[in-house]
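The values are calculated or read from the model by the stated rules, or taken from the named source; none is laboratory data. Keep in mind that what you see is a predicted model, and the values were worked out from it rather than measured. Using ideal geometry, Cβ is built from the backbone for each residue, glycine included, and neighbour counts are taken over all protein chains shown. Just the protein is used for accessible areas: all its heavy atoms, side chains included, with ligands, DNA and RNA removed. Shrake-Rupley method; radii C 1.70, N 1.55, O 1.52, S 1.80 Å.
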Amino acid sequence: MKFGQVYNKIMHAIARMVFPKAKTVFEIPFDNEPAVFVCNHSGIRGPVLMTLDFHVRHKTWTLSYAMDRKKAVNYAFHDILVGDSRRFKGFYRFLSKVISIALPELLKYEPVIPVYHDSNLISTFKQSIKALNDGESLVIFAESSERYTEYINRLQVGFIDFARLYYRRSGKRINFYPVYVEKKNAVISVGKPIAYDPEISMDEQRQRIALYLCDNIDRLARQLPPHTPMPFLSQKWYDAYGERFEHDTAGYWQMIDQGD
């Protein structure tokens, strides 16, 4: 067994000690047809619990920055550590380099599909179609930096374009399921899906599907026993970057891609 595989198993074991085993609750029975599950991020809670406990066979869309050792440094500094402090900038930069070594090695052995913020996005779509054709579903964390409710941010809508390409290739109308993950109640709540409709214009389709998913992720959250919401981005992020980037997610990724 390779070192990376051993490392992956160790990290899974550590995560299991920190996160309780979550049960998956579907509002309606899942028909086992490959689908897209759109989930709240909740810091690292969403990705960790969906990796450990969501047992629908799937691949997860993952930022390409997190999988590239060079780009992961800047990604970790700004997005994970929110390292904007002048006083501790050197320390944050050091931690970012450590993360840039550890994170790509971990993701190398996970069932993920890299997501790009440029023309390489077509590679994401092609790998996604292959996964669906192989009987695998997709898990997507699509929140933007724009706040919507205390439980979910507005979604970036670009991922919805994938449904049109999939329909053209397969003739199938992909289902998008809203998913809310919560650590305290140890639950993965999966709501009723919304399907891509080729009869509707793409502009209308993006807004229709994104709004449905946002509203239903929020609804699923409010149906659970009382718990403290864990936002996608911390208040510290908004204090550091919000004025510039809360309503400009694309600009934020461009800043990370280009460096300081």
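Summed over the residues of segment 47-89 and divided among them, the accessible surface reaches 49 Å² per residue at a probe radius of 1.4 Å.
Once the Cα atoms of helix 161-170 and of the chain are each reduced to a long axis, what angle between those two axes, in degrees from 0 to 90 to the nearest 10, is obtained? Value to nearest ten degrees: 50.
Amide H contacts for residue 115 (H built 1.01 Å from N in the peptide plane; partners 5 or more residues away or on another chain; cut-off under 5 Å): 62, 63, 64.
In a shell of Cβ-Cβ distance under 10 Å around residue 137, excluding residue 137 itself, what net charge do Lys and Arg (+1) and Asp and Glu (-1) give?
Details: positive: 57, 59; negative: 33, 136.
So the environment of residue 137 carries a net charge of 0.
Given axes a ≥ b ≥ c from the Cα gyration tensor, I'd like to know whether segment 1-146 is rounded (a/c under 1.5), prolate (a/b larger than b/c) or oblate. Numbers along the way, then the final one.
Values: a/c = 1.70, a/b = 1.48, b/c = 1.14.
It is prolate, given that a/c is not under 1.5 and a/b is the larger ratio.
Please work out whether segment 109-243 counts as rounded, prolate or oblate from its C-alpha gyration tensor, where a ≥ b ≥ c are the square roots of the eigenvalues and a/c under 1.5 means rounded, while otherwise a/b larger than b/c means prolate and anything else oblate? The shape class here is prolate.
Computed over the chain with a Gaussian network model linking Cα atoms closer than 10 Å, the most mobile of 128, 85, 145 is 85. Computed with a 1.4 Å probe on the full set of protein chains, the accessible area for residue 170 sits at about 50 Å². Of the trypsin sites (Lys or Arg not before Pro) found in segment 63-159, the ones in coil according to DSSP and having at most 10 other Cβ atoms within 10 Å of their Cβ are 86, 87. Please work out whether the chain counts as rounded, prolate or oblate from its C-alpha gyration tensor, where a ≥ b ≥ c are the square roots of the eigenvalues and a/c under 1.5 means rounded, while otherwise a/b larger than b/c means prolate and anything else oblate? Cα axes put the chain in the rounded bin. Placing R0 at 35 angstrom, the Cβ-Cβ distance between residue 69 and residue 161 gives a FRET efficiency of 0.75 after rounding to 0.05. Surface analysis of segment 152-222 yields an accessible area of 42 Å² per residue, using protein heavy atoms and a 1.4 Å probe. Amide H contacts under 5 Å for residue 58: 137, restricted to partners 5 or more places along the chain or on a different chain, H placed in the peptide plane at 1.01 Å from N. Considering only beta bridges that DSSP places wholly inside the chain, some 30 percent are antiparallel.
Placing 119, 189 in order of accessible area, with the largest value first and a 1.4 Å probe, yields 119, 189.
The dipole here belongs to the chain: it is taken about the Cα centre, uses +1 on the Cβ of Lys and Arg and -1 on the Cβ of Asp and Glu, and is about 920 debye. Sequence-ordered 3J(HN,Hα) estimates for segment 12-28 from the Karplus curve with 6.51, -1.76 and 1.60 and θ = phi - 60° stand at 5, 5, 5, 4, 5, 6, 8, 10, x, 5, 9, 9, 9, 10, 8, 5, 10 Hz, glycine and proline given as x.
Which value, in debye to the nearest 20, gives the size of the charge dipole of segment 1-139 about its Cα centre, when Lys and Arg are +1 and Asp and Glu are -1 at the Cβ?
Working: 19 positive and 12 negative charges, 166 e Å.
My answer is approximately 800 debye.
Over every Cα atom in segment 62-138, the radius of gyration and the widest Cα-Cα span, Dmax, amount to 15.0, 51 Å. Across segment 211-218, coupling constants 3J(HN,Hα) worked out from phi with the 6.51/-1.76/1.60 Karplus curve, θ = phi - 60°, read 5, 4, 5, 4, 5, 7, 5, 4 Hz, and Gly and Pro carry x. Annotation: amide H of residue 155 within the under-5 Å range of 144, sequence separation 5 or more or interchain, hydrogens built in the peptide plane.
Cβ-Cβ distance of residue 227 and residue 119, R₀ of 35 Å, FRET efficiency by 1/(1 + (r/R0)^6): the value works out to about 0.30.
Using θ = phi - 60° in the Karplus curve 6.51 cos²θ - 1.76 cosθ + 1.60, the 3J(HN,Hα) couplings for segment 102-117 round to 6, 5, x, 5, 5, 5, 4, 10, 9, x, 10, 10, x, 10, 10, 10 Hz; x is entered for Gly and Pro. Expressed as a whole percent, the accessible surface of segment 167-247 that belongs to carbon and sulfur atoms is 47, based on a 1.4 Å probe.
Given the pairs 21/70; 21/236; 2/183; 9/130; 23/130; 108/130, which are separated by over 23 angstrom at their Cα positions? Intermediate values should be presented prior to the final figure.
Values: 21/70 34 Å; 21/236 29 Å; 2/183 32 Å; 9/130 26 Å; 23/130 28 Å; 108/130 18 Å.
Check vs 23 Å cut-off fails for 21/70; 21/236; 2/183; 9/130; 23/130.
Placing R0 at 35 angstrom, the Cβ-Cβ distance between residue 173 and residue 248 gives a FRET efficiency of 0.60 after rounding to 0.05. Our helix-only sum for the chain, with -39,500 (n - 2.57) per DSSP H run of n ≥ 4 divided by its residues, gives a mean residue ellipticity at 222 nm of -13000 deg cm²/dmol.
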